[in-house]
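Participant: Below is a structure I'd like to ask you about.
The values are calculated or read from the model by the stated rules, or taken from the named source; none is laboratory data. All figures in this text were calculated on a predicted structure; none of them were measured in a lab. In this analysis, Cβ positions are derived from the backbone assuming ideal geometry, glycine residues included, and neighbour counts consider all displayed protein chains.
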């Protein structure tokens, strides 16, 4: 998603170009520059201001119950938190348009989880998982995000609500 030209230049002048370049920077940070996201294998599947989706494949290292081979609860909550943080960050991108990459990355680095609630609905079985997030409200300082995790068959595994500091 990230090319070297976008990496080294100021964001484009047009609003659409700015937003797309900002989303490209955000995708790069979330899937290439955050070590724990890389360990889990999180990849940006969808990214826009309204809704985000991260995907990852089942790996032996992510199993929490070796008898049944289900995803560890900590992996579920981490993936949902990552989707929530991504959605919160995407929601503030419009107010960062026209800023250089370094300033956007600094704003991304300031985003943090204030509160996280996860409801585990089913065991995490499957080959691929999708963690989605959408803002319920984004203000100047705080964003509240609703998250869901599904497997490749569309089976709902967990839901969550996260509150993130964004300003």
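Participant: Just give me the residues in region 62-73 being surrounded by fewer than 24 Cβ atoms within 10 Å (Cβ to Cβ) and either in a loop (DSSP other than H, G, I, E, B) or modelled with pLDDT of 95 or more (or both), in sequence order.
Facilitator: Selection gives 62, 63, 64, 66, 67, 68, 69, 70, 72, 73.
Participant: Would you confirm, using the coordinates I've provided, whether residue 81 is touching a strand residue (DSSP E or B) at 6+ places or on another chain (Cβ under 6 Å) and either under 24 Å from residue 23 (Cβ atoms) or in a helix (DSSP H, G or I) (or both)?
Facilitator: yes
Participant: I'd like the full set of residues that are touching a helix residue (DSSP H, G or I) at 6+ places or on another chain (Cβ under 8 Å), under 11 Å from residue 86 (Cβ atoms) and part of a helix (DSSP H, G or I), limited to region 24-61.
Facilitator: Correct list: 26, 29, 30, 31, 37.
Participant: While we're here: Looking only at residues in region 104-123 that are surrounded by 13 or more Cβ atoms within 10 Å (Cβ to Cβ) and part of a helix (DSSP H, G or I), which one is nearest to the chain's Cα centre (by Cα)?
Facilitator: Selected residue: 108.
Participant: Against the definition (touching a strand residue (DSSP E or B) at 6+ places or on another chain (Cβ under 6 Å), in a helix (DSSP H, G or I) and in contact (Cβ under 8 Å) with a residue 24 or more places away in the chain), how does residue 76 come out, yes or no?
Facilitator: When the stated conditions are applied, residue 76 passes them.
Participant: With touching a strand residue (DSSP E or B) at 6+ places or on another chain (Cβ under 9 Å) and over 21 Å from residue 31 (Cα atoms) as the only criterion, which of 155, 127, 122, 146 stands out?
Facilitator: 122
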